[in-house]
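Worksheet for the structure shown next.
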């Protein structure tokens, strides 16, 4: 699990090993999914079970390279859309675009901590 903290112009990345879902509830969470929001395997299936909201994500009509967002209590759950279909492979370019979209949301919403696998 990696946790990023941004304050002012300072940027810091901290690498932590452990269960992503035991991070502080003040941390927002992020992971990659496909545009079709399939989320049937791996950590995506755990996010789906834990946070639900698949229809809420689909209703955002986000495309590959975007970020879909759920608000759960005091944190945001970021879904980085890095590929079109669940059986496709992500590209670095799509990952970069979705990370940039997440960054814009973080800056607008004063998000200072993000944990991701």
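Here are the numbers:
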{"item": "Inter-label distance for residue 17 and residue 87, nm, one decimal - labels placed 7 Å from Cα along Cα-to-Cβ", "result": "3.6 nm"}
{"item": "Per-residue Cβ neighbour rank within 10 angstrom, fewest leading, 67, 16", "result": "16, 67"}
{"item": "Acute angle (nearest 10 degrees) that the helix 92-108 long axis makes with the longest principal axis of the chain, alpha-carbon atoms", "result": "50 degrees"}
{"item": "Options (1) 2, 10, 18, 21, 20, 14, 8, 4, 2, 0, 0; (2) 2, 13, 23, 24, 18, 11, 7, 3, 0; (3) 2, 12, 23, 25, 22, 12, 4, 1 - which one matches P(r) over Cα pairs in 5 Å bins from 0, in percent as calculated here", "result": "(3)"}
{"item": "Fluctuation leader among 59, 94, 84 - the chain, Gaussian network, Cα springs under 10 angstrom", "result": "59"}
{"item": "Between 0 and 90°, nearest 10: helix 42-51 axis offset from the chain longest Cα axis", "result": "80 degrees"}
{"item": "Net lengthening on full extension, residue 63/residue 40 (0.36 nm per residue, minus Cα-Cα)", "result": "6.4 nm"}
{"item": "Prolate/oblate/rounded label for segment 53-117 (Cα gyration tensor, a/c 1.5)", "result": "oblate"}
{"item": "Average Cα contact separation per residue, the chain, under 8 Å, 6 or more apart, as relative contact order %", "result": "36 percent"}
{"item": "Residue 55/residue 25 FRET efficiency (R0 35 Å; Cβ-Cβ; nearest 0.05)", "result": "0.90"}
{"item": "Label-point separation, residue 73 to residue 105 (7 Å along Cα→Cβ), nm", "result": "1.9 nm"}
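Rule-based calculations on the coordinates, nothing more; no lab input. From a predicted model like this one, the values you see are computed outputs, not experimental measurements. When we count neighbours, we look across all protein chains shown, and the Cβ atoms used for this are built from the backbone with ideal geometry, even at glycine.
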